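The structure appears below as structure tokens.
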Amino acid sequence: MTMQMLDKNETPLIDLIDIYKIYKMGNTEVRANDGISLKIFPGEFVAIVGKSGSGKSTIMNIIGALDVPTEGRYILKGQDVSKMKSDALAEVRNKTIGFIFQQYNLLPKQNLLENVELPLLYSGLKKKQRKELAMEALTRVGIEDKWKNFPNQLSGGQQQRGSIARALVGNPSLILADEPTGALDSRTSREVLDFLKQLNLEGNTVVLITHDRAIAEEARRVVKIHDGKIDFDGPVEEYRKQVK
């Protein structure tokens, strides 16, 4: 099932065109992604869901400019990143994508403010500007009073909020969240999901990667990956009906 877009004339933020990611394992060919085509438009909140081994992590790496496809084209914000080398991909990641990871990925020897500043280090901004923007991001997620703390002095929920602040600090076009509640208890998971919803309501494009059907249902649109292909793509209301 393909989701019908409200405005077909709008330019997609993400445009995956017949994407293949093929690995060789001895004489065996593994198609982690097997002809995936997908458009995601500015302001959407999309969950990409699939079981372990389905190919969702591979497509996440391609969307996040962490990897390139074996075949096919990937247009991100009007730029073809399909064949880019590592340096160019790093620049795309830094300027266009804000990452939220399951394990937070905060540097243990830097305090929270310094961690949030990291995406700005190569922006050319002066130190004072970087600190101001980092503090604004921490204020936005409600932990500005923890700016001096190191990661091991923070709860799991506070660390995840710190990683969200880091994702937001550069004002990215895309927020890419990889299993963002996987290491959290149910109450803190609820807080993080509500925050992602709020970010989307404020106009941010959010792509959430998950293996959990219930987490996927928090999005407004669901793309289900199975055996390297798109098995479902539609509004969350239709997805709920399908999985019951």
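Compute the signed sum of charges (Lys and Arg +1, Asp and Glu -1) over the other residues within less than 10 Å, Cβ to Cβ, of R140. Intermediate values should be presented prior to the final figure.
Details: positive: R161; negative: E136, E144, E202.
That sum, taken over residues with Cβ under 10 Å, equals -2.
Write down the accessible area per residue of the chain in Å², having rolled a 1.4 Å probe over the full set of protein chains.
Roughly 51 Å² per residue, with all protein chains present.
To check my understanding: the extent here is largest minus smallest coordinate of the Cα atoms along each principal axis. What are those three numbers for the chain, in Å, largest first?
So the three principal-axis extents are 49, 43, 42 Å.
Rounded, prolate or oblate: which one fits region 87-183, using the alpha carbon gyration tensor with axes a ≥ b ≥ c (rounded when a/c is under 1.5, else prolate when a/b beats b/c, else oblate)?
On the way: a/c = 1.73, a/b = 1.15, b/c = 1.50.
Judged from the Cα gyration tensor, region 87-183 comes out oblate (a/c at least 1.5, b/c at or above a/b).
Using only DSSP helix segments of four residues or longer, with each worth -39500 (n - 2.57), what per-residue ellipticity at 222 nm results for the chain after dividing by its residue count and rounding to 500? Display every interim value, and only then the final one.
Numbers: 8 runs with 80 residues, N = 244.
Rounded to the nearest 500, it is -9500 deg cm²/dmol.
Indicate the gyration tensor shape class of region 122-244 (rounded, prolate or oblate), computed on the Cα atoms with a ≥ b ≥ c the square roots of the eigenvalues: a/c under 1.5 is rounded; otherwise a/b larger than b/c is prolate and the rest oblate. All intermediate terms of the calculation are to be shown ahead of the outcome.
Details: a/c = 2.56, a/b = 1.83, b/c = 1.40.
Because a/c hits 1.5 or more and a/b exceeds b/c, region 122-244 counts as prolate.
Using a 10 angstrom cutoff on alpha carbons, build the Gaussian network for the chain and name the most mobile of S37, S173, S186.
So, out of S37, S173, S186, the one fluctuating most is S186.
Return the carbon/sulfur percentage of the accessible area of the chain, one whole number, probe 1.4 Å, all protein chains in place.
Working: 6000 of 12520 Å².
On the chain, the fraction of accessible area on carbon and sulfur atoms equals 48 percent.
Share of antiparallel DSSP beta bridges in the chain, in percent to the nearest 5? Before the final figure, lay out each step's value.
Details: 23 of 41 bridges.
If we restrict to bridges inside the chain, about 55 percent are antiparallel.
So, counting K/R as plus one and D/E as minus one, what does the shell of residues with Cβ under 11 Å around V68 add up to? The partial results should precede the final answer.
On the way: positive: K21, R73, K83, K85; negative: D67, E71, D80.
In short, +1.
Over 21 Å between Cα atoms, which of K51/K241; K56/K229; K24/K229; K127/K148; K109/K148; K85/K224 qualify? Please list the in-between numbers first.
On the way: K51/K241 19 Å; K56/K229 9 Å; K24/K229 18 Å; K127/K148 16 Å; K109/K148 12 Å; K85/K224 29 Å.
From the list (K51/K241; K56/K229; K24/K229; K127/K148; K109/K148; K85/K224), the Cα-Cα distance tops 21 Å for K85/K224.
Relative to the longest principal Cα axis of the chain, at what angle does helix 127-140 sit, 0 to 90 degrees, rounded to 10?
So the helix axis and the longest Cα principal axis differ by about 70 degrees.
Where does helix 186-201 land angle-wise versus the long Cα axis of the chain, in degrees 0 to 90, nearest 10?
Here the helix axis deviates by roughly 80 degrees.
Residue by residue through region 233-241, which ³J(HN,Hα) values in whole Hz follow from phi under the Karplus form 6.51 cos²θ - 1.76 cosθ + 1.60 (θ = phi - 60°), with glycine and proline marked x?
8, x, x, 4, 4, 6, 5, 4, 5
Which of rounded, prolate or oblate describes region 1-137 when judged by the alpha-carbon gyration tensor and an a/c cut-off of 1.5? List each step's numbers first, then the result.
Values: a/c = 2.02, a/b = 1.53, b/c = 1.32.
It is prolate, given that a/c is not under 1.5 and a/b is the larger ratio.
Taking the chain as the reference, fit the longest principal axis to its C-alpha atoms, fit the long axis of helix 86-96 to the helix C-alpha atoms, and give the angle between the two in degrees, 0 to 90, nearest 10.
Once rounded, the angle reads 70 degrees.
The values are calculated or read from the model by the stated rules, or taken from the named source; none is laboratory data. Not measured: the values here are computed from a predicted model. So basically every Cβ, Gly included, is an ideal-geometry build from the backbone, and we count neighbours across all protein chains shown. Heavy atoms of the whole protein, side chains included, go into the accessibility calculation; ligands, DNA and RNA do not. Shrake-Rupley method; radii C 1.70, N 1.55, O 1.52, S 1.80 Å.
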